[in-house]
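Participant: Shown below is the structure under consideration.
Coordinate-derived values only; no laboratory data. These numbers come from a predicted model, not from an experiment. A quick note on method: Cβ atoms are made from the backbone with ideal geometry, for glycine too, and the neighbour counts reach across all protein chains shown.
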Amino acid sequence: MLKKYSKFKMYKMKLMTCLLLIVMVINLSGCAAILKGTHSNVKFYSDPEGATVYIDGYPIGKTPFQAKVLSKEMHNISFKKEGYLNCNTRITNEIGAGWIIADVLLTGLIGIFVDAATGAWFEFNPEHIGCVLETEKQDRQ
């Protein structure tokens, strides 16, 4: 009888340890960091299509396309296509109030610190970036 009791007690201790670890992992992570991550999907389009899109000076693709962009920072966006004037814009970010509320209710202060440090609670406004490119004027002589 004594052996059965000690095996049950060991099983119960292991189970409690696993549950405690799961609760700690959840509490040490922010809601947005878990559910959304630190990047946001942004759709890029242009008229005409086929313009190369640059984010902060680095080419990332030709329109139309969608890309994951680090949402912690604001970015300068350029659309470039041969025979057309460059089109420049800026994508701005904002804190999603829903993520802060979820952090407070579900993870406590630790979740707030995690999401603030990683930038996970930032979202882009807008999530669609487009540009109508104007043709270059040709000099006539």
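Participant: What is the distance, in nm, between label points placed 7 Å from the Cα along the Cα-to-Cβ direction at Thr52 and at Thr17?
Facilitator: Computed distance between label sites Thr52 and Thr17 equals 5.7 nm.
Participant: By per-residue mean of other Cβ atoms within 10 Å, what is the highest-first order of 54-66, 38-50?
Facilitator: 38-50, 54-66
Participant: Could you work out the pair-distance distribution P(r) of segment 42-123 from its alpha-carbon pairs, with 5 angstrom bin width and percents rounded to whole numbers?
Facilitator: 3, 15, 21, 17, 12, 10, 9, 7, 4, 2, 1
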